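The values are calculated or read from the model by the stated rules, or taken from the named source; none is laboratory data. Remember, it's a predicted structure, so these values are computed and weren't measured experimentally. Here the Cβ positions follow ideal geometry from the backbone for every residue, glycine too, while neighbour counts run over all protein chains shown.
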Amino acid sequence: MNTAPTDTAHSLYALYETLPNEVQQAFLRELIQKKHQELADLSFYLDCKEAKDENEFLSEQEQQAFIASLSV
């Protein structure tokens, strides 16, 4: 298993935490502005994975409500 991407991500996060608060905030603003859709997609994927891992599935009614909300 190649852990290089995980190690790199952890190192970058550790670097981010050493930055002054105002630099962290500016970085987050720019990240959200430039990568909003990728962040939203990743958040959705992680939420779905967590629900699957915990065997938390939507009821039929919740499924229909969710599908209906997508077409709004």
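Here's the yes/no breakdown for (1) at pLDDT below 95; (2) assigned to a helix (DSSP H, G or I); (3) surrounded by 11 or more Cβ atoms within 10 Å (Cβ to Cβ):
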{"residue": "Asn2", "(1), (2), (3)": "yes, no, no"}
{"residue": "Thr6", "(1), (2), (3)": "yes, yes, no"}
{"residue": "Ser11", "(1), (2), (3)": "no, yes, no"}
{"residue": "Tyr16", "(1), (2), (3)": "no, yes, yes"}
{"residue": "Phe27", "(1), (2), (3)": "no, yes, yes"}
{"residue": "Lys35", "(1), (2), (3)": "no, yes, yes"}
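From the list Asp41, Asp53, which one is among the charged types (D, E, K, R) and either surrounded by 10 or more Cβ atoms within 10 Å (Cβ to Cβ) or touching a residue at least 40 places away in the same chain (Cβ under 8 Å) (or both)? Give the derivation first.
Numbers: Asp53 fails: either surrounded by 10 or more Cβ atoms within 10 Å (Cβ to Cβ) or touching a residue at least 40 places away in the same chain (Cβ under 8 Å) (or both).
Only one candidate qualifies: Asp41.
All conditions in (1) at pLDDT 95 or above; (2) surrounded by 10 or more Cβ atoms within 10 Å (Cβ to Cβ) hold for Leu58, with the sole exception of (1).
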